[in-house]
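The structure appears right after this line, and notes come after that.
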Amino acid sequence: MGKFENYCVIVTGGANGIGKSIVKAFALEEAKVVIADVDENNGRALEQELSEQGFKVLFIKTDVSSEQSIKEMILKTEKSFEQINILINNAGISSFHPFFEMSIKQWDQVINTNLRSVFLCSQEAARYMRKTGGSIINIASTRATMSESDTEAYSASKGGIVAITHALARTLSSYHIRVNSISPGWIQTEGYDELREGDHKQHLTGRVGGPEDISRCCLFLANPENDFITGQDFVIDGGMTKKMIYKP
């Protein structure tokens, strides 16, 4: 018996990368998993792969920048599985533009996809969760507290996710809905074997992270046994943001 048998989990952006790892992790624990993603080809391929292995997985094409698409996804989930217990707000885009050339359209695309979607998905899912309680996990980033040049929209969206996490935790506490966020550091989703030795040495742990490092944290936070944890941001970065750097 899996830890999440009889639970329904929604993973936005679940067709690729970190989201795909999260989907597989919950499926292996026998949860009913919804892959909510705009990428229909990879989403349906993952649905077929896991379904053939006997897991209960459903792909729902979803554009998280669209309020209507989110509402339709939530309704289809409830209709298919008759419950929503866990929401993983993972969908996001890494779109960087030179500061002086960035248009308001480009800014809005990042903010609407990465941040507004967290509000909308949480609002719609919580309408069902408040009947039974549940867990919401938002995927932020270490970019919420540190930056490279020309990452204003992305950094703002991830900082907003950390902030909305503790706000939601307070608002939804009376409904027994816990809300936490995870801030990944360097997570290599493809070509891990092509990384250089110097890439790994930048981390206190001696290695670059992989998607499974984030999915394991999701399993931990979603576990109802850990119901004393809410409103927190968990930095999963191999210690990279804690390492002081001095030039010789």
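For A153, indicate whether it is over 25 Å from K3 (Cβ atoms), among the small types (G, A, S), touching an Asp or Glu at 6+ places or on another chain (Cβ under 9 Å) and touching a residue at least 24 places away in the same chain (Cβ under 8 Å). When the stated conditions are applied, A153 passes them.
Take the conditions closer than 25 Å to E30 by Cβ and surrounded by 13 or more Cβ atoms within 10 Å (Cβ to Cβ) and apply them to I187. Does it pass?
No.
Each residue in the range 220-247 was checked for being open to solvent by 60 Å² or more (accessible area, probe 1.4 Å), in a helix (DSSP H, G or I) and free of Cβ contacts under 8 Å to residues at least 12 places away in the same chain, and 2 of them qualify.
Let's see how each residue does on (1) modelled with pLDDT under 95; (2) surrounded by fewer than 21 Cβ atoms within 10 Å (Cβ to Cβ):
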position: S141; (1), (2): no, no
position: S147; (1), (2): yes, yes
position: A156; (1), (2): no, yes
position: A169; (1), (2): no, yes
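Considering (1) assigned to a loop (DSSP other than H, G, I, E, B); (2) in contact with a Ser or Thr (Cβ under 9 Å, 6 or more places away or on another chain); (3) open to solvent by 10 Å² or more (accessible area, probe 1.4 Å), the lone condition that F55 does not fulfil carries the number (2).
Let's see how each residue does on (1) part of a helix (DSSP H, G or I); (2) open to solvent by less than 40 Å² (accessible area, probe 1.4 Å); (3) under 17 Å from R143 (Cα atoms):
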position	(1), (2), (3)
Q83	no, no, no
I88	no, yes, no
F96	no, no, yes
E101	no, no, no
D108	yes, no, no
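The values are calculated or read from the model by the stated rules, or taken from the named source; none is laboratory data. It should be emphasised that the depicted structure is a prediction, and the values quoted were computed from it without experimental measurement. Heads up, the Cβs are rebuilt from the backbone with ideal geometry, glycines too, and the neighbour counts pull from every protein chain shown. What goes into the accessible areas is simple: the full protein's heavy atoms, side chains included, and nothing from ligands, DNA or RNA. Shrake-Rupley method; radii C 1.70, N 1.55, O 1.52, S 1.80 Å.
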